[in-house]
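Structure, as structure tokens:
FYI, it's all coordinate maths here, none of it is from the lab. Keep in mind it's a predicted model, so treat the numbers as computed, not measured. So basically every Cβ, Gly included, is an ideal-geometry build from the backbone, and we count neighbours across all protein chains shown.
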Amino acid sequence: MKLINVAMAGTLLAAAGCMSNAVTFCSSSVPIEQDKYSILADEITGTCTQTSWLFFTFGLGGSGQRHAYRDALEQVPSADGLVAMAVDEEYFMLIPFVLPSFYTTRVTGTPVKLGRND
């Protein structure tokens, strides 16, 4: 009986983990013409964390990337978009389908203001 309990605990621990992957990279989040924008700040990061349990999502519904992008732009209110934008996702699951799982989306880029760069 002890061996079965140890095997079950080992199986649950083996299912636990954290995974991170790069989703995409794009030159800009909005159409930008060469020399017609101003860089407003150094690189910024926006995040969105969603929780899932038993096939239900809690927190902000919809696209995590869209929420993270909005979060990044709110840090520099006058920004129109991001250049050199990267999107990464991170998943943390302790015991899938039993305990909640966490999904974090990060959008990182340089905020810009469109218009003449004079």
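A few notes on this one:
- Scattering curve values for the chain, log₁₀ I(q)/I(0), Debye with Cα scatterers, q = 0.17 Å⁻¹: -0.84
- Taking the C-alpha atoms only, the angle from helix 2-15 to the longest principal axis of the chain is near 10 degrees.
- Crossing angle, helix 64-75 versus the chain [Cα axis fit, 0-90 degrees, rounded to tens]: 50
- Each Lys and Arg Cβ is given +1 and each Asp and Glu Cβ -1; about its Cα centre, the stretch 18-114 then shows a dipole of about 220 debye.
- Calculated FRET efficiency for the pair Tyr91/Val6, C-beta based, R₀ 35 Å, to 0.05: 0.85
- Packing rank of 54-61, 74-81, 25-32, where each peptide gets the mean count of other beta carbons within 10 Å, highest leading: 74-81, 25-32, 54-61
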